[in-house]
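Scroll down for the structure; my scribbles are underneath it.
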Amino acid sequence: MQKILEKALHTASLSHEEIITLLGSQDAAPLFKAADSVRRQTLGDEIYLRALIEFSNFCRNNCCYCGIRRDNKKLNRYRLTPEQIIALGNQAAQQGFKTVVLQSGEDVWFDVKILTDIITELKKFDLAVTLSIGEKSREEYLAYRQAGADRYLLRIETTDQELYHRLDPGMSWHNRRRCLQDLKELGYEVGSGVMVGLPEQSLSSLADDILFFKELDVDMCGIGPFIPHPDTPLAACEGRAFELALKVMAITRLLLPDINIPATTAMETLRPQGRLIALQSGANVIMPNITNFECRKLYELYPNKAKTQDNGPDSLTTVLAEIKSIGRILGKGYGGHRRKKY
Ligand code: SAM
């Protein structure tokens, strides 16, 4: 393992085999330490915050793992108005955030006109705008970019195409890949990512995922454990692979030393201090949720996601105290991808 880590530290590259060896290691502490040291050397101690607005839980898709899938009839659906979204953006800017992330299910009520108007208004608050609203046409991505959107998050979910098509009925892996390509070509900072611990997902497939991030040359990468939701077809699956997800994240940091990597909410959900552990194993971004509590509860991708206490993990006081507790500092500015030579 030490030899592989040294190679990664010197070259920021690893073979498929070497990645599998790291993923299968019994004692991953040296891997997490190496990822933390790469993060420190490349990006320093700044942690960047992104204000997350979950603005609609309507979704036309039927992903088997996801609590807001179309066929989950038990879920009450909500949609914030454009005015509410803009007001939350204003609030985020006043609290000192420099980025807002607009996330939703694939909700066709938000057409190009409505969304471009929202983006235009949000840009007036001097915010970087990140979208995470799923698969769209190239023309739509262009319209959002021209309205001022800066970044886009679209997880590939898994690079195992067979697994993808089983878990995302009616969707096409190649279309998702096309979206990522379009977004790159249109000048967005592009984030992708996967879930870890999906049924029948192998270590080899996770190694492919990591090499895919490298090949796509992503600017951001969100990696989270899959957590089964009781009202989905995957209710009985095991999932909850915290340690394995942490390994995937740490190896991604070794291969892409300067990208932005969030400590994901799914990690925080599975482990007390999961976010702090991630921040000390390669992550450098936190995405506090600023959606109002009533809606946040309904954006239930998986159970216990919404921590609705006032002083919960999303509160700015908690976040700032956590950052301080591990000797890190709050990043200033937009915190975009600062490409370094390595
Ligand atoms: N609709 C947009 C899209 O498709 O990119 C954004 C919203 S989607 C719900 C956000 C992410 O939630 C997905 O990319 C997926 O990785 C994650 N997710 C969904 N269900 C999950 C689960 N049960 N456990 C962990 N992550 C989950």
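The values are calculated or read from the model by the stated rules, or taken from the named source; none is laboratory data. Values in this document were obtained by computation on a predicted structure and should not be read as measured data. Positions of Cβ are generated from backbone atoms using ideal geometry, with glycine treated the same way; all protein chains shown enter the neighbour counts. What goes into the accessible areas is simple: the full protein's heavy atoms, side chains included, and nothing from ligands, DNA or RNA. Shrake-Rupley method; radii C 1.70, N 1.55, O 1.52, S 1.80 Å.
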Rounded Å value of the spacing that divides the Cα centres of segment 108-140 and segment 184-217: 24
Whole-number percent relative contact order across the chain, with pairs defined as alpha carbons under 8 Å at least 6 apart: 24
Rg over Rh, two decimals, segment 229-302 (C-alpha only, Kirkwood Rh): 1.02
Qualifying lysines (Cα of each under 20 Å from Cα of LYS3; at least 8 residues distant if same chain): LYS33, LYS247
Cβ-derived FRET efficiency at R0 41 Å, GLN181 paired with SER37, nearest 0.05: 0.80
Estimated vicinal HN-Hα couplings, Hz - segment 227-239 in sequence order (Karplus 6.51, -1.76, 1.60; Gly, Pro = x): 10, x, 9, x, 9, 10, x, 9, 3, 8, 6, 7, x
ILE156 long-range amide H proximity, modeled H, under 5 Å: GLY193
For ASN61, distant residues with modelled amide H under 5 Å away: ARG70, GLU106
Cα gyration tensor category, rounded, prolate or oblate, for the chain with a/c compared to 1.5: rounded
Gaussian network model of the chain, springs between alpha carbon atoms under 10 Å - residue of GLY191, GLY24, GLY105 with greatest fluctuation: GLY24
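Largest first, what is the accessible-area ranking of HIS229, HIS10, HIS165 with a 1.4 Å probe?
HIS10, HIS165, HIS229
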Cα centroid separation, segment 145-178 to segment 270-291 (Å): 24
Per residue Cα convex hull volume in Å³ - calculated over segment 1-131: 187
Förster radius 56 Å - calculated FRET efficiency between GLN84 and GLN2 (Cβ-Cβ, nearest 0.05): 0.60
Under the Karplus curve 6.51 cos²θ - 1.76 cosθ + 1.60, θ = phi - 60°, whole-Hz ³J(HN,Hα) for segment 108-115, x wherever Gly or Pro sits: 6, 4, 7, 7, 4, 4, 4, 5
Distance from segment 10-82 to segment 309-341 (C-alpha centre basis), Å: 16
Reach of LYS123 by Cα under 25 Å, taken over lysines that are not fewer than 8 positions away in the same chain: LYS98, LYS113, LYS136, LYS184, LYS332
Per-pair calculated FRET efficiency, R0 = 41 Å: ASP231 and LYS113 via Cβ, rounded to 0.05: 0.80
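Using unit Cβ charges (K, R positive; D, E negative) and no other charged atoms, how large, in debye to the nearest 20, is the dipole of the chain about its Cα centre?
Values: 44 positive and 43 negative charges, 116 e Å.
So the dipole magnitude of the chain works out to roughly 560 debye.
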For the chain, Cys with no neighbouring Cys Cβ under 4.7 Å: CYS59, CYS64, CYS179, CYS221, CYS237, CYS295
Potential extension, LYS341-LYS73 segment - 0.36 nm per residue separation minus Cα distance: 91.5 nm
ALA128 long-range amide H proximity, modeled H, under 5 Å: THR99, VAL100
Percent antiparallel among DSSP beta bridges (both partners in the chain, rounded to 5): 5
Calculated from backbone phi, Karplus (6.51, -1.76, 1.60) coupling profile of segment 41-57 in Hz, x at Gly/Pro: 5, 8, 10, x, 9, 5, 10, 9, 9, 10, 7, 8, 10, 8, 8, 7, 10
Mean ellipticity per residue at 222 nm, deg cm²/dmol - from DSSP H runs of n ≥ 4 across the chain, formula -39500 (n - 2.57): -12500 deg cm²/dmol
Eligible aspartates and glutamates near LYS324 by straight Cα distance, threshold 16 Å, same-chain separation 8 or greater: ASP45, GLU46, ASP314
